[in-house]
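Everything on this sheet refers to the single structure shown next.
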Amino acid sequence: MATAAKKPKAAVKPKTPVKKAAVKAPTKAQAAAISKLRIRVRAYEHKVLDASVKQIMDTALRYDAEVQGPTPLPTEMKKYTVNRSSFVHKNAREQFEMRIHKRLIDILNPSPKLIEALTNLSLPSGVNIDVKMA
């Protein structure tokens, strides 16, 4: 068995530090000045949901608001299992599921005119909206 001679390790040059732009966190006064309108939209049909979200986005952009989203949230699935027969056939079962599609829209620093326009917005039935000020 022949042993291989070990090579000496090359000297590693230390990297010069790279200056990065410092990102400052907003102060408490700045954070309090930023108001956010958080809109959660829920519906059973995704096509109706997307049409409603587009209507909300168009209204927000018409009033020159800064909008974040729509962010798709996880689809909530409710599954139900029922017996097909009422008496003898215990193994015969049927499964049903309901899917609830959700979207999240954030509007930063909404104006009073925008809030009024959003409250007067006519959306299709089957669309549930939760609005929170943060």
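The values are calculated or read from the model by the stated rules, or taken from the named source; none is laboratory data. Since the model is a prediction, treat every value here as computed from it, not as a measurement. Virtual Cβ from ideal backbone geometry, glycine too; neighbours counted across all protein chains shown.
A few points about this structure:
- Residues (loosely packed, with under 15 Cβ neighbours inside 10 Å and touching a Ser or Thr at 6+ places or on another chain (Cβ under 8 Å)) located in the stretch 97-117: R99, L108, N109
- In the stretch 70-81 there is at least one residue that is modelled with pLDDT of 90 or more, surrounded by 10 or more Cβ atoms within 10 Å (Cβ to Cβ) and farther than 17 Å from V53 by Cα.
- Of all the criteria given as (1) exposed (fewer than 15 other Cβ atoms within 10 Å of the Cβ); (2) modelled with pLDDT under 95; (3) in contact with a strand residue (DSSP E or B) (Cβ under 7 Å, 6 or more places away or on another chain); (4) aliphatic (A, V, I, L, M), the one not satisfied by I39 is (1).
- Against the list (1) in a loop (DSSP other than H, G, I, E, B); (2) closer than 18 Å to K36 by Cα; (3) polar (S, T, N, Q), the condition S86 fails is (2).
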